[in-house]
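This report refers to the structure that appears directly beneath it.
The values are calculated or read from the model by the stated rules, or taken from the named source; none is laboratory data. What you see is a predicted model; the values in this text were computed from it and never measured. Cβ: placed from backbone, ideal geometry, glycine included. Neighbour counts: every protein chain shown.
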Amino acid sequence: MIMLTAALAVIAIVTQDQSALRAAPRDSAPQQAVLWQGDSLEIRGQKGDYLQVYDHRRERAGYIRATQVRQQSLKPEDAPELLSIVRFLKDTSGSEALGIGYAAAYLHAAPAEAITGEAFDALGTMAERLARRASARQTKSGGEAIAAHLEVAAGYGVNMTSFERETQVQLCYNGDAHRRVLALPSTDLQKAQAALALTKHECVSPALAPVERFALDNWRAEVLDRVETRDLPEVLKNRLHLRKAGVWASLAYQRARRPEFGQPAVQLAAQRALDELAAVNKSELMESDTPTYSDAAIRVGASRWAANPGTPMAATKAAVKLSVTTSPGQPGETCIHLVDAKHDARNPLFTRCTYGVVWTASATANREGTVLALAVQALDTWREMWVFRQGAEGWGVDVVPPGLDAPNLGYIEFSGWVPGNAQLLATREIKADGHYKQSFEILRMATLNVERWADKPSNLSLFYRWQDPVWKGQTVSLR
């Protein structure tokens, strides 16, 4: 992955951005190319203040000022010096390309038996940071430098993947260095950081087919479970718990969509997600990790009904008045049948089919048997509330999504019935425009529009008084 010309014993590493490679050893000579920090050059001679060099990446020779590069020996005895520079540059923001260049020089110089996971840990850290900088919004001048640094990194075999997410191109490091950290002798801290880098939610391509996504999530769960956490700092343990919670929540949804997995396997994945979220030590949760905590909670909240076994209709008290049962529809579809004591699945009050996962255990009807709320999960990170209502023309259903934008990250759930049948309670958590929002709401039954909302249940008297005890005991929104 990281290669330099094998025959070179000394190279010049460019240390300054926009350094000119000139046709002759003088400032007035024509410019052959623009070099950036991290570029490595073969030294072929020196004339005054200039080095005569050859750029193998661009296949171009020329002259560069000696003050704009650092001459570096690639002899094995000089490898420790190179590693010390890599350690320094590892956490120096803006110098990722330079650090990658020095990491390449170290891996070239060091004997194979001396290489551990440390160098690849530093390399992966710098590549990750460069990808984050490239994905952030940049000014024109800043964007030019980052594009050039990406080209420098690519010249060393450090490759990025890209895809569109939320109307913006997301760049992610392909993780080769992190995989080597897991394979080589490394500390538990280095392996934990590598596992976190390899399992990022935002670096999962949305274009993956369901089979590919399922295989990837199983691999992510396996990578995270292999990390030894006993001696890790609490902050890092928290980050691992949050990542595991999100991955297992996704697996619960995906298992529910596959008939080869029974209900126990689905419950096991969902319970694992809930347990990982509950294991977070809030007293050691850093302010910078607060968005990550909200992200994990929404992912777990979207799939939390998977931890509840679907209770057969005949075994519930609600079946006397109103409940639901399901049956297979078209390939991939689940048909929801609204039933009561006089209408079974063969003669239902109302039927609607969906490609989402129907959590029948969530079905709850009001006391009069005229309204029923049901959780339907369209995606692994997106759960809707379906409200079946009896009107003048018969039964119908309204779908209440977590938000009005394209499905991304969010859930909305039934939280209680308000006496009088004019209102119902709901809880919503969503990520929109890069911000996380949690709201406890009173919905008007006639339109299902939000009548009032607050960021805490106690700030709404109706919500505080009429919240459903089952919801209160199971929801993750009150974490």
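Some notes on this structure:
- Selection from the stretch 247-264 of residues that are closer than 19 Å to ALA361 by Cβ and small (Gly, Ala, Ser): ALA249, ALA252, ALA256, GLY262
- Of all residues in the stretch 108-154 being surrounded by 17 or more Cβ atoms within 10 Å (Cβ to Cβ) and either touching a Gly at 6+ places or on another chain (Cβ under 6 Å) or among the charged types (D, E, K, R) (or both), the one that is modelled with the lowest pLDDT: ARG133
- Sole exception among (1) surrounded by fewer than 24 Cβ atoms within 10 Å (Cβ to Cβ); (2) more than 18 Å from LEU379 (Cβ to Cβ); (3) modelled with pLDDT of 95 or more for LEU277, by number: (1)
- Residue in the stretch 35-48 that is in contact with a Leu (Cβ under 7 Å, 6 or more places away or on another chain) and at positive phi present: yes
- Among the criteria (1) modelled with pLDDT under 95; (2) more than 33 Å from the chain's Cα centre (by Cα), the one ASP455 does not fulfil is (2).
- Qualifying residue in the stretch 367-376 (condition: surrounded by fewer than 17 Cβ atoms within 10 Å (Cβ to Cβ) and either touching a helix residue (DSSP H, G or I) at 6+ places or on another chain (Cβ under 9 Å) or among the aromatic types (Phe, Trp, Tyr) (or both)): yes
- 3 or more residues among the aliphatic types (A, V, I, L, M): qualifying strands (runs of 3 or more DSSP E) within the stretch 20-117: 31-35
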